[in-house]
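Notes for the one structure printed next.
The values are calculated or read from the model by the stated rules, or taken from the named source; none is laboratory data. Not measured: the values here are computed from a predicted model. Because the Cβ atoms are built from the backbone with ideal geometry, glycine has one as well, and the counts that use them run over all protein chains shown. Ligands, DNA and RNA are stripped out before the accessible areas are found, and what is left, the full protein with its side chains, is counted by its heavy atoms. Shrake-Rupley method; radii C 1.70, N 1.55, O 1.52, S 1.80 Å.
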Amino acid sequence: MSSTRRAFLTATALGASAFASGAGTAGILPLVNAADAGLVGDGTTNDSPAIQAAYDAGGTGLALEAGRTYLLNSPIFLDRSDPYALFTLQMNGATFALGPGLPRTDAFWRDKTTKWAFYPNTRRQAWSPAAGAVAVTQANRATGTSVGAIVSLVLSDGAVSGGGANVGLIFCNRTAVRLENVVQYGVRAMLSWTDYCDGNILIGCYNRSGGPEGSVLVEQISNGDGLLMLGCKADSPVGLARLKYCRGAEFTAIVSGRIELDACSGIHLRAVHEEGQNAKGPMLVIRNSHVHVDTSIFYTPRTTDAAVHPSISIDDSSGESHSELTLEHCMEMRYPNSGDQTFGSFIGITGAMPNTRVTAHDLSVQHVTAGTAGVWTATAGPRISGDGDLGTALAASNAAVASGSFSIERRGGAWRVIGLDGDRGHASAAPPVPAVEALSGATEVTGASIAAGTRPSYRVATRNVTGNRSAASARASAVVSTRGSVRLSVTADAAPCELLIWRFATTTSTSPQAFVSVPCGRPEISLLDTGARISGYAWQTSGIPSVS
């Protein structure tokens, strides 16, 4: 044993005695430098045994060296019997590289091939090197079969690299951890746990692209309360969290990738901004869960294909419970960037149960003006879809949905969309005639399909929540530029309402060539006609209603 190594073990042992007797500053020991603890940090030497030795010596934690990469290629067990024992790893900008020698655990039933580096509150005797697995069970819990550690690990200010392999950082056995300012690259999950847990905290953590399929920061597989994610971020191709049986979770000030909630309750998303359109699926997936979202922004997925998923998916087709989603002061954001793109619905509901419910207060829809990403303009929507009888009820309720304050629920055996803040659309009389202006120019997107040099024209009318319809507007037309699209500015004093739009091939055509009906949630909105679609809504070329 080297003199440096011997000195470290002696110091930590003496420090532990002082800590036990209440000596030291505020009862907290200083962290030991990684080099003094025998860590190499060259990216090729396995530093897991040195971290384990530092923990076994009774130390309270390590301070790593900035710029170094510490390979973790065997498991680290935080297995003191004291539920208040705490180990701190201050990374100081260093990186943990997760190696192929890490063991898996069958307790992570989502994918039993996933390998993990830290096993808090599990006795090391649970590790079978020959099998390459750790048996994370009640029987080998360090704090006993019914007592969990409060917070066993604090890890901060560094990065975790998995190289795209199916590896995770921390797998807890009824204990909690705290992670601050940790970035993961190419990692399956930063944290998971089994057999109940509470008090897990992630602050300023970031999931970068490049991880395996389903990569997230937190992947919960067992009951637990008290998850807090504050100021975290996930790139759009990867996820933020996948929770099952979670009771009480707070997501605040998040730039978010995908969030999946399965049989969860007491979930609160606040000031969440989606990290761009998610091409792989909905940003928020809700299955048999109760969720409250406020002051948050969701990008509507887009595609040039016929099928596209929604921003928020509610799927109650399996399980014994129902979902309840409440939206307060939220926004749907559409970003038309090129071509004749289809936009998905804001909320898509599948397999609704009798008690499934969506409630919204002050829900608005904006789109990004092409070429000026910082300019947001009110547009048509939101669009909410469902299957079966619910889908039929939603399709007939554009005006109620457009109010932005509504409830979707089953009453008297039938699905209904109920306005919640009164009628702002002159329900008892025909709405005023709207006005429309057509514009074509350099601000429009490229790749649209209206023939350049043609002069289509448009007329619009509105219909309020009781079905009363206004007269059609005067025609508006524009000469189509080489951009191949036309922007419509519509003023409708009867908002919220359903907006009826007819497109004519020329300024003199007597019969319209296409028609569309969309929700109109604001007195003035902007729409982008790209040929086959207008702001993501498909033009209808048959069954066109009369303009008069």
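Filter segment 308-337 for residues that are of a type in the set (A, V, I, L, M) and part of a loop (DSSP other than H, G, I, E, B) and give the result. Outline the logic, then answer.
Taking segment 308-337 as the starting set, the residues that turn out to be of a type in the set (A, V, I, L, M) are 308, 312, 314, 325, 327, 331, 333.
Listed by number, the list holds a single entry, Val308.
Would you list the strands (runs of 3 or more DSSP E) that sit entirely within segment 196-288 and hold 3 or more residues that are open to solvent by 20 Å² or more (accessible area, probe 1.4 Å)?
Details: elements: 201-203, 216-219, 224-230, 239-244, 246-256, 258-262, 265-274, 284-287.
The qualifying strands (runs of 3 or more DSSP E) are 224-230, 246-256, 258-262, 265-274.
State all residues of segment 415-431 that are modelled with pLDDT of 55 or more, over 29 Å from the mean Cα position of the chain (by Cα) and surrounded by 15 or more Cβ atoms within 10 Å (Cβ to Cβ); if no residue qualifies, say none.
Ala430, Pro431
Any residue at all in segment 76-98 that's within 28 Å of the chain's Cα centre (by Cα), at pLDDT 95 or above and within 20 Å of Val136 (Cα to Cα)?
yes
If you scan segment 179-193, which residues turn out to be within 8 Å of Val160 (Cα to Cα) and of a type outside the set (S, T, N, Q)? Please lay out each step first, then the result.
We begin by selecting, within segment 179-193, every residue within 8 Å of Val160 (Cα to Cα); these are 182-185, 187.
Once the filter is applied, which keeps residues that are within 8 Å of Val160 (Cα to Cα) and of a type outside the set (S, T, N, Q), segment 179-193 yields Val182, Val183, Tyr185, Val187.
Could you check segment 512-547 and list, in sequence order, the residues that are among the aromatic types (Phe, Trp, Tyr) and either in contact (Cβ under 8 Å) with a residue 40 or more places away in the chain or under 19 Å from Trp376 (Cβ atoms) (or both)?
First, pick out the residues of segment 512-547 that are among the aromatic types (Phe, Trp, Tyr): 515, 537, 539.
Residue satisfying the conditions is Tyr537 alone.
Please state which one of Ile525, Ile534 is within 22 Å of Ala452 (Cβ to Cβ) and either buried (at least 18 other Cβ atoms within 10 Å of the Cβ) or within 30 Å of the chain's Cα centre (by Cα) (or both).
On the way: Ile525 fails: within 22 Å of Ala452 (Cβ to Cβ).
Ile534 is the lone residue from the list that is within 22 Å of Ala452 (Cβ to Cβ) and either buried (at least 18 other Cβ atoms within 10 Å of the Cβ) or within 30 Å of the chain's Cα centre (by Cα) (or both).
In segment 213-259, what residues are on the phi > 0 side of the Ramachandran plot and of a type in the set (A, V, I, L, M, F, W, C)?
Matches in segment 213-259: Ala253 only.
Based on this model, can you work out whether Pro310 counts as over 17 Å from the mean Cα position of the chain (by Cα) and open to solvent by 20 Å² or more (accessible area, probe 1.4 Å)?
Working: over 17 Å from the mean Cα position of the chain (by Cα): no; open to solvent by 20 Å² or more (accessible area, probe 1.4 Å): yes.
It is false that Pro310 is over 17 Å from the mean Cα position of the chain (by Cα) and open to solvent by 20 Å² or more (accessible area, probe 1.4 Å).
When Tyr335 is evaluated against the numbered criteria (1) open to solvent by 30 Å² or more (accessible area, probe 1.4 Å); (2) modelled with pLDDT of 90 or more; (3) within 19 Å of the chain's Cα centre (by Cα), which criterion, by number, is the only one it fails?
With respect to (1) open to solvent by 30 Å² or more (accessible area, probe 1.4 Å); (2) modelled with pLDDT of 90 or more; (3) within 19 Å of the chain's Cα centre (by Cα), Tyr335 is out only on (2).
Restricting segment 19-37 to residues that are at pLDDT 95 or above, farther than 16 Å from Ala85 by Cβ and surrounded by fewer than 20 Cβ atoms within 10 Å (Cβ to Cβ), which is nearest to the chain's Cα centre (by Cα)?
Per the stated criteria, the residue is Asn33.
Could you list, in sequence order, all residues of segment 340-372 that are at pLDDT below 85, among the small types (Gly, Ala, Ser) and on the phi < 0 side of the Ramachandran plot?
Step one: list which residues in segment 340-372 are at pLDDT below 85, which gives 340-343, 368-372.
Then drop every residue that is not among the small types (Gly, Ala, Ser), which leaves 370-371.
Correct list: Ala370 only.
Assess whether Ser152 counts as being under 19 Å from Tyr70 (Cβ atoms), over 21 Å from the mean Cα position of the chain (by Cα) and of a type in the set (Ser, Thr, Tyr). Lay out the reasoning, then the answer.
Numbers: under 19 Å from Tyr70 (Cβ atoms): no; over 21 Å from the mean Cα position of the chain (by Cα): yes; of a type in the set (Ser, Thr, Tyr): yes.
No; evaluated as a whole, the condition is false for this residue.
Rundown of residues vs (1) under 37 Å from the mean Cα position of the chain (by Cα); (2) surrounded by 20 or more Cβ atoms within 10 Å (Cβ to Cβ); (3) touching a residue at least 24 places away in the same chain (Cβ under 8 Å), yes/no style:
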{"site": "Ser489", "(1), (2), (3)": "yes, no, yes"}
{"site": "Pro496", "(1), (2), (3)": "yes, yes, yes"}
{"site": "Arg503", "(1), (2), (3)": "no, yes, yes"}
{"site": "Thr506", "(1), (2), (3)": "no, no, yes"}
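Among the residues of segment 114-143, write down those that are under 17 Å from Val218 (Cα atoms) and among the β-branched types (Val, Ile, Thr). Before you say what the answer is, go through the steps one by one.
First, pick out the residues of segment 114-143 that are under 17 Å from Val218 (Cα atoms): 114-120.
Selection gives Thr114 alone.
Identify all residues within segment 103-146 that are part of a strand (DSSP E or B) and surrounded by fewer than 16 Cβ atoms within 10 Å (Cβ to Cβ); write none if there are none. Full working, then the answer.
To start, the set of residues in segment 103-146 that are part of a strand (DSSP E or B) comprises 104, 115-120, 122, 127-128, 133-134, 141.
Of everything in segment 103-146, just one residue is part of a strand (DSSP E or B) and surrounded by fewer than 16 Cβ atoms within 10 Å (Cβ to Cβ), namely Ser128.
When Phe298 is evaluated against the numbered criteria (1) within 26 Å of Ser321 (Cα to Cα); (2) of a type outside the set (Val, Ile, Thr); (3) modelled with pLDDT under 95; (4) open to solvent by 20 Å² or more (accessible area, probe 1.4 Å), which criterion, by number, is the only one it fails?
Of everything listed in (1) within 26 Å of Ser321 (Cα to Cα); (2) of a type outside the set (Val, Ile, Thr); (3) modelled with pLDDT under 95; (4) open to solvent by 20 Å² or more (accessible area, probe 1.4 Å), Phe298 misses just condition (4).
Is there a residue being on the phi > 0 side of the Ramachandran plot and either open to solvent by 30 Å² or more (accessible area, probe 1.4 Å) or of a type in the set (D, E, K, R) (or both) anywhere in segment 457-471?
Filtering segment 457-471 down to residues on the phi > 0 side of the Ramachandran plot leaves 467.
Next, only the ones that are either open to solvent by 30 Å² or more (accessible area, probe 1.4 Å) or of a type in the set (D, E, K, R) (or both) stay: 467.
Yes, segment 457-471 has at least one match.
Tell me yes or no: at least one residue of segment 373-393 is modelled with pLDDT of 85 or more, more than 13 Å from Val465 (Cα to Cα), touching a Cys at 6+ places or on another chain (Cβ under 7 Å) and open to solvent by less than 20 Å² (accessible area, probe 1.4 Å).
Yes, because at least one residue in segment 373-393 is modelled with pLDDT of 85 or more, more than 13 Å from Val465 (Cα to Cα), touching a Cys at 6+ places or on another chain (Cβ under 7 Å) and open to solvent by less than 20 Å² (accessible area, probe 1.4 Å).
How many of the residues making up segment 52-67 are of a type in the set (A, V, I, L, M, F, W, C) and touching a strand residue (DSSP E or B) at 6+ places or on another chain (Cβ under 7 Å)?
Restricting attention to segment 52-67, the residues satisfying the condition of being of a type in the set (A, V, I, L, M, F, W, C) are 53-54, 57, 62-64, 66.
Add one more test, that the residue is touching a strand residue (DSSP E or B) at 6+ places or on another chain (Cβ under 7 Å), and what stays is 54, 62-64.
Count: 4.
Can you pull out every residue in segment 437-456 that is under 38 Å from the mean Cα position of the chain (by Cα), without any contact (Cβ under 8 Å) to a residue 60 or more places away in the chain and open to solvent by less than 60 Å² (accessible area, probe 1.4 Å)?
Initial filter on segment 437-456 (under 38 Å from the mean Cα position of the chain (by Cα)): 437-450.
Restricting the remaining residues to those that are without any contact (Cβ under 8 Å) to a residue 60 or more places away in the chain gives 437-441.
Passing the criteria: Ala438, Ser440, Gly441.
Taking Cys172 as meeting all but one of (1) farther than 15 Å from Leu72 by Cα; (2) over 29 Å from the mean Cα position of the chain (by Cα); (3) without any contact (Cβ under 8 Å) to a residue 60 or more places away in the chain, write down the number of the exception.
With (1) farther than 15 Å from Leu72 by Cα; (2) over 29 Å from the mean Cα position of the chain (by Cα); (3) without any contact (Cβ under 8 Å) to a residue 60 or more places away in the chain applied to Cys172, the lone miss is (2).
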